[in-house]
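Enquirer: Once you've had a glance at the structure underneath, I'll fire off some questions.
The values are calculated or read from the model by the stated rules, or taken from the named source; none is laboratory data. Every value quoted in this text rests on a predicted model; they were computed, and no experiment measured them. Virtual Cβ from ideal backbone geometry, glycine too; neighbours counted across all protein chains shown.
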Amino acid sequence: MKSDFKKYKKSGSILADALKYAKEITKPGIKLIDIAEKMENFIRNQSAQPAFPVNISINEIAAHYSPVVNDDSTIPEGSIVKIDAGVSVDGFLTDAARTFIFDEKWTKMKLLAENALENALKEIRPNGSVFKVGEIIEKTIKKEGYKPIVNLSGHLMTQYSLHGGVSIPNYKISREARDDSHRFIPGNAYAIEPFVTTGSGKVFDDKNTTIYRHYRDFKKNEIPEDIEEIYLYIKQNFFNLPFSWRWLFNSGFSVKQIDKAKEILLSKHIVHGYPVLIESKFAPVTQAEETIYVNKDEIIILTNTK
């Protein structure tokens, strides 16, 4: 267990530094692909791996946008930019996000997401209910006239799995709907991530997808031989964690190879895609996120090294 914690601690420290680096390089006019690849390489250079492609979600996009191959989109003037990143150290994962704003009118929303997170973290206890977090987050956000996004949540993380079966809500859930087994169990890591919006408080799945994950093994003769090389690369290098086709392009596969593999592997449900998530009224969204580690008598914030 001590060795697990050391790996979580290393993972969290690398991620905190990567997000500080993100703050230095994220400016209006900068290409999203340059931010993502610089951050991902920063993580790799620390003897770790990205736990998922760096998410750079702008304005009404709440989550799951990561730059694609040859992406030429840039950070807009006056925008809200949410950068969400993760680190894997031998499968021990941390996940954290920061909101950067390029217009002072978004200051209150940015600080409110951070305050909601801070208030929730203060109340978490070993073996405490995860549902207390949702109550605190919702109360903090609604008190200021905004809404939390209710169909996004925090999550338990287990080795090589970002979503370990327990969700931490961002709103109050009735006692009748609660599962009392969902608690902050010592020895585990959890991501806590409130989202703030002026909109409806819900996101929808966009038709655009930029993040993928190996979903199942293929059966004999199910895919063409020329696709097997890409499939095996995905399976052997990403350990069932989310990936970007950009990573395969950077490893030497051509756009033509990737496009063919993507079409076949997705159609056969061998690879799963995660749609970009957009606020349902196209309203602006801010986010704050940290990963905590729970031991028997305290909560340790792994991803904040202030």
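Enquirer: Does at least one position in the stretch 75-82 carry a residue that is farther than 30 Å from Lys139 by Cα, of a type in the set (A, V, I, L, M, F, W, C) and surrounded by fewer than 22 Cβ atoms within 10 Å (Cβ to Cβ)?
Expert: yes
Enquirer: If you go through the stretch 61-101 one residue at a time, how many are in a loop (DSSP other than H, G, I, E, B) and in contact with a helix residue (DSSP H, G or I) (Cβ under 9 Å, 6 or more places away or on another chain)?
Expert: 14
Enquirer: Tell me whether the stretch 150-168 contains one or more residues that are of a type outside the set (A, V, I, L, M), in contact with an Asp or Glu (Cβ under 6 Å, 6 or more places away or on another chain), more than 18 Å from Ile299 (Cα to Cα) and in contact (Cβ under 8 Å) with a residue 24 or more places away in the chain.
Expert: no
Enquirer: Can you work out which of the residues in the stretch 180-212 that are hydrophobic (A, V, I, L, M, F, W, C) and in contact with a Gly (Cβ under 6 Å, 6 or more places away or on another chain) is nearest to Glu114 (Cα to Cα)?
Expert: My answer is Ile192.
Enquirer: Specify the residue that is surrounded by the most Cβ atoms within 10 Å (Cβ to Cβ); the eligible residues are those in the stretch 284-305 that are farther than 16 Å from Ser11 by Cα and more than 19 Å from the chain's Cα centre (by Cα).
Expert: Ile299
Enquirer: Filter the stretch 5-35 for residues that are in contact (Cβ under 8 Å) with a residue 60 or more places away in the chain and small (Gly, Ala, Ser); which is farthest from Arg98 (Cα to Cα)?
Expert: Ser11
Enquirer: May I pose another question? Working carefully through the options Lys262, Lys220, Lys268, Lys256, find the one that is basic (Lys, Arg) and touching a strand residue (DSSP E or B) at 6+ places or on another chain (Cβ under 9 Å).
Expert: Answer to the selection: Lys262.
Enquirer: Considering only the stretch 108-164, state which residues are of a type in the set (Phe, Trp, Tyr) and out of contact with any Leu (no Cβ under 8 Å at 6 or more places or on another chain).
Expert: Phe131 - this is the single residue of the stretch 108-164 that is of a type in the set (Phe, Trp, Tyr) and out of contact with any Leu (no Cβ under 8 Å at 6 or more places or on another chain).
Enquirer: Moving on to the next point. Is one or more of the residues making up the stretch 183-199 within 29 Å of Arg125 (Cβ to Cβ), more than 22 Å from the chain's Cα centre (by Cα) and in contact (Cβ under 8 Å) with a residue 40 or more places away in the chain?
Expert: Checking the stretch 183-199: at least one residue is within 29 Å of Arg125 (Cβ to Cβ), more than 22 Å from the chain's Cα centre (by Cα) and in contact (Cβ under 8 Å) with a residue 40 or more places away in the chain.
Enquirer: If you go through the stretch 26-60 one residue at a time, how many are assigned to a strand (DSSP E or B) and touching a Leu at 6+ places or on another chain (Cβ under 7 Å)?
Expert: Of the residues in that region, 1 qualify.
Enquirer: Let me ask something additional. Please return the ranges of strands (runs of 3 or more DSSP E) entirely within the stretch 141-258 where 2 or more residues are surrounded by fewer than 16 Cβ atoms within 10 Å (Cβ to Cβ).
Expert: 203-214
Enquirer: Then there's this: Kindly indicate which of Glu60, Glu114, Glu40 is surrounded by 16 or more Cβ atoms within 10 Å (Cβ to Cβ), modelled with pLDDT of 95 or more and closer than 18 Å to Ile278 by Cα.
Expert: Answer to the check: Glu60.
Enquirer: Search the stretch 265-281 for residues being touching a residue at least 60 places away in the same chain (Cβ under 8 Å) and among the charged types (D, E, K, R), and hand back the single one that is surrounded by the fewest Cβ atoms within 10 Å (Cβ to Cβ).
Expert: By that ranking, first place goes to Lys281.
Enquirer: Continuing with this model, one more query. Taking the stretch 230-249, which residues are more than 21 Å from the chain's Cα centre (by Cα) and touching a residue at least 24 places away in the same chain (Cβ under 8 Å)?
Expert: Once the filter is applied, which keeps residues that are more than 21 Å from the chain's Cα centre (by Cα) and touching a residue at least 24 places away in the same chain (Cβ under 8 Å), the stretch 230-249 yields Ile230, Tyr231, Phe249.
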